[in-house]
Amino acid sequence: MTSPAPATLIADLRTLVECESPSSDPDALARSADLVARLGTERLGVEPERLGIHLRWRLGGPTRVLVLAHHDTVWPIGTLRTHPFGISDGVLRGPGSFDMKTGLAMALHVLASLDDRTGVTLLVTGDEEIGSPSSRTLIEDEARGADAALVLEASADGGALKLERKGTSIYRVLVKGRAAHAGLEPEKGVNASVELAHQVLAVAALGDPALGTTVTPTVATSGTTGNTVPAEASFAVDVRARTVTEQQRVDSAVRALTPVLPDAALEIEGGINRPPLEGALSAALFARASRIAAEAGLPPLTGVAVGGASDGNFTAGVGTPTLDGLGAVGGGAHADDEHVLTDRIPDRTTLLRALIVDLLPTR
């Protein structure tokens, strides 16, 4: 078995990076989906199913191995002018190169190199960076019944695979008060800002550092003018939890919040967004990948738990064994120093190819 030609892969990666694809721009995503479809058809010899901005290649038979990638990025149109694609001293740069267009290019080239792809499905989505609102059901349905989901998100530091990901929940707490003139008759009002302060403190206290559960009030708004008792206020809440049990505990607690001030009222929007990827669902795949790496003379594998979420949370949430972080080695996701180490692309593609072959049923 040989790795795909790095020069060809890097050329395809450049093509992907130079097609800007911010999640919030429908026209840009459509152009990017067109490009991925064309490039994938050239490499795989078969056209994908077009599902809006998402693309699916079922390469024969029922799905046994789901290979998961996304083509959207966090970078707005025009980023290429200040952060152009380039390679210098073995470091490749460009918007979305690390998260995660290198992983996407790797997937296309690895699958193109397989003699028998029966049982493999490649799913490339276009809304991962905004929580996968339109692709979640597609991902979950494709993962059900698969033996494994391999997620081509970028690696953690030093190439570590991501064995655990915290689940995410997103809430908006709306506070209803009553307006009044702040100078003439403030006592006739119900101060939504004061109620918001009580609720922010109550929500922040729901975290559990010992269990890795973070509950973070973020964006807050209140009031209309400087001389009016605020009638309305709101704040957003970001929750990260390692286990379903903790995620559900916080969800119940947020929904049980009650007003402190007389006549104030609360409304809760949002809820659990992504279930956690728990270590039990990655352990066997990580052991298999570690064995394969040792047998192939590849760098020893390491694994870590991370706070960020990915579409691997959804595959794990339906019970499918999931291994994440199989993509690029580098750093700077969502940051100005986003980069990929080109000398690690060959060993990562070799590992991915060998792992897929090992997972496919023998015939």
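What accessible area per residue comes out for the range 123-165, rounded to a whole number of Å², with a 1.4 Å probe?
Values: 1320 Å² over 43 residues.
Ligands and nucleic acids excluded, the result is 31 Å² per residue.
Label 7 Å along Cα→Cβ of residue 211; the range 260-291 residues with amide nitrogen under 19 Å? Zone members listed by number: 271-281.
For the range 172-260, with all protein chains in place and a probe radius of 1.4 Å, 58% of the accessible heavy-atom surface sits on carbon or sulfur. Helix-only arithmetic for the chain: the sum of -39500 (n - 2.57) across DSSP H runs with n ≥ 4, divided by the residue total, places the mean residue ellipticity at 222 nm at -9500 deg cm²/dmol.
Considering only alpha-carbon pairs that sit under 8 angstrom and 6 or more positions apart, the relative contact order computed for the range 8-140 is 34 percent.
Extending 7 Å from the Cα toward the beta-carbon at both residue 253 and residue 218 defines two label points whose distance is 1.9 nm.
Label point 7 Å out from residue 302 along Cα-to-Cβ: which residues of the range 136-176 have amide N under 20 Å? Only 153-166 fall inside the zone, counting backbone N under 20 Å. Once C-alpha pairs closer than 8 Å and six or more residues apart are averaged by separation and normalised to the residue number of the range 20-88, the relative contact order reads 40 percent.
Got a number for carbon plus sulfur as a percent of the range 75-117's accessible area, 1.4 Å probe? Spell out each step's value before the answer.
Details: 850 of 1670 Å².
Percent of accessible area from carbon and sulfur atoms in the range 75-117: 51.
For residue 114 and residue 267, compute 0.36 nm times the residue count separating them, minus their Cα-Cα distance, and round to one decimal in nm.
Values: separation 153, 0.36 × 153 = 55.08 nm, distance 5.31 nm.
Length gained between residue 114 and residue 267: 49.8 nm.
With both residues required to sit in the chain, DSSP beta bridges show an antiparallel share near 75%. In this simple spin-label approximation, residue 336 and residue 283 carry label points 7 Å from Cα along the Cα→Cβ vector, and these lie 4.4 nm apart.
Counting Lys and Arg as +1 and Asp and Glu as -1, each charge on the Cβ, what is the dipole of the range 260-363 about the Cα centre in debye, to the nearest 20?
Numbers: 7 positive and 13 negative charges, 158 e Å.
Computed charge dipole of the range 260-363: roughly 760 debye.
Placing R0 at 30 angstrom, the Cβ-Cβ distance between residue 34 and residue 160 gives a FRET efficiency of 0.30 after rounding to 0.05.
What percent does the relative contact order of the chain come to when contacts are Cα pairs within less than 8 Å and at least six residues apart? List each step's numbers first, then the result.
Working: 833 pairs, mean separation 84.0, N = 363.
About 23 percent, as a whole number.
Think of the chain as a dipole: +1 on every Lys or Arg Cβ, -1 on every Asp or Glu Cβ, centred on the Cα centre; then among 161, 16, 256, 161 lies furthest on the positive end. Packing here is the average count of other Cβ atoms within 10 Å per residue, and on that basis the peptides 100-112, 211-223, 338-350, 49-61, highest first, run 100-112, 338-350, 49-61, 211-223.
Percent antiparallel among DSSP beta bridges with both residues in the range 44-185, to the nearest 5?
Working: 10 of 20 bridges.
Of the beta bridges lying entirely in the range 44-185, close to 50 percent run antiparallel.
Ignoring ligands, DNA and RNA, what percent of the accessible area of the range 6-54 is carbon or sulfur (1.4 Å)? Let's see the in-between values first.
Working: 1170 of 2290 Å².
Accessible surface attributable to carbon and sulfur in the range 6-54 totals 51 percent.
Return an integer: the convex hull volume of the alpha-carbon atoms of the chain, in Å³ per residue. Please report the intermediate quantities before stating the final value.
Details: hull volume 53.2 nm³, N = 363.
Convex hull volume per residue, Cα atoms: 147 Å³.
Stretching residue 134 away from residue 47 to a fully extended chain increases their span by 29.2 nm, per 0.36 nm per residue minus the current alpha-carbon distance. Per residue, the solvent-accessible area of the range 181-298 (1.4 Å probe, heavy atoms of protein chains only, all protein chains present) comes to 52 Å².
Averaging the Cα positions of each part gives two centres, and for the range 88-146 and the range 160-221 these lie 35 Å apart. Please list, ordered by chain and number, the residues whose modelled amide H lies under 5 Å from the amide H of residue 67; skip anything fewer than 5 residues away on the same chain. Long-range HN contacts for residue 67: 121, 122, 123, 150.
The values are calculated or read from the model by the stated rules, or taken from the named source; none is laboratory data. In this text the structure is predicted, and so the values were computed from the model without any measurement. A quick note on method: Cβ atoms are made from the backbone with ideal geometry, for glycine too, and the neighbour counts reach across all protein chains shown. Just so you know, the surface numbers come from the protein's heavy atoms only, side chains and all, with ligands and any DNA or RNA stripped out. Shrake-Rupley method; radii C 1.70, N 1.55, O 1.52, S 1.80 Å.
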